[in-house]
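Q: Mind having a look at this structure? Questions to follow.
Just so you know, all these numbers are worked out from the coordinates, no wet-lab data involved. Bear in mind the structure is a predicted one, so any value in this text is a computation, not a measurement. Here the Cβ is made from the backbone with ideal geometry for all residues, glycine too, and neighbour counts use every protein chain on show.
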Amino acid sequence: MSEIADSSMEQRFERNTYLVILVALLTGLLWSGWRMALGVMLGGALCLFNKRWLTASVRAILSQATLLQNGRVPPFTAGKFIFRYYITALVIGLGVWAGIFHPLGIGIGFAAFVGGVMIEAAYQLYLAFASGETKKDISEK
């Protein structure tokens, strides 16, 4: 894939993630109340934070690996990659312990990126089927 296509797909992933968070937030607020909505907000914020930190960690690991070209990554660089799991678990644990955030809402918000990827997969399937029908119609003529 070209760099432009990768960039536009990444933008669609982000847009779809925001859309899933918004829909889950409104649905949670209407059906389950403010605790669920707050849980979705916390989970959604952690989802976005986790994705950005993951992107930065992978970029740092790959840039170090290409710079050194010895196949080894400095321990602290790889440690940041793992450290985000501890921070995320700590924030989720504190949110559940405080009792303000609904645990299911946190989980739904945290999984918003998965929903965004599923929307993109449906879009790509639509494009594949639409272009397949066009080619079929052209070949019949």
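Q: Under 10 Å, Cα contacts only: if you run a Gaussian network model on the chain, which one of V114, V23, V58 comes out with the highest mean-square fluctuation?
A: Greatest mean-square fluctuation among the candidates belongs to V58.
Q: Give me the distance in nm between label points sitting 7 Å out from Cα along the Cα-to-Cβ direction at T55 and L94, one decimal.
A: Modelled inter-label distance: 2.4 nm.
Q: In vacuum, with every alpha carbon of the chain counted as one equal point scatterer, what does the Debye formula give for log10 I(q)/I(0) at q = 0.17, 0.18 Å⁻¹? Two decimals, please.
A: -0.98, -1.03
Q: Let me ask another. What relative contact order, as a whole-number percentage, does region 3-140 give when Cα pairs under 8 Å and 6 or more residues apart are counted? Intermediate results must be reported in sequence, preceding the final value.
A: Values: 134 pairs, mean separation 57.4, N = 138.
Contact order relative to length: 42 percent.
Q: Subtract the Cα-Cα distance of F13 and Y85 from 0.36 nm times their separation in residues, and report this length gain in nm to one decimal. Intermediate values should be presented prior to the final figure.
A: Working: separation 72, 0.36 × 72 = 25.92 nm, distance 2.15 nm.
Residue separation times 0.36 nm, minus the Cα-Cα distance, leaves 23.8 nm.
Q: Going through the DSSP H helices of the chain, which span 24 Å or more along their own axis at the Cα atoms while scoring at least -1.0 as a mean Kyte-Doolittle hydropathy? Before the final figure, lay out each step's value.
A: Details: long enough: 3-32 (42 Å, 0.40); 34-68 (50 Å, 0.89); 75-98 (34 Å, 1.13); 112-140 (42 Å, 0.35).
Helices meeting the criterion: 3-32, 34-68, 75-98, 112-140.
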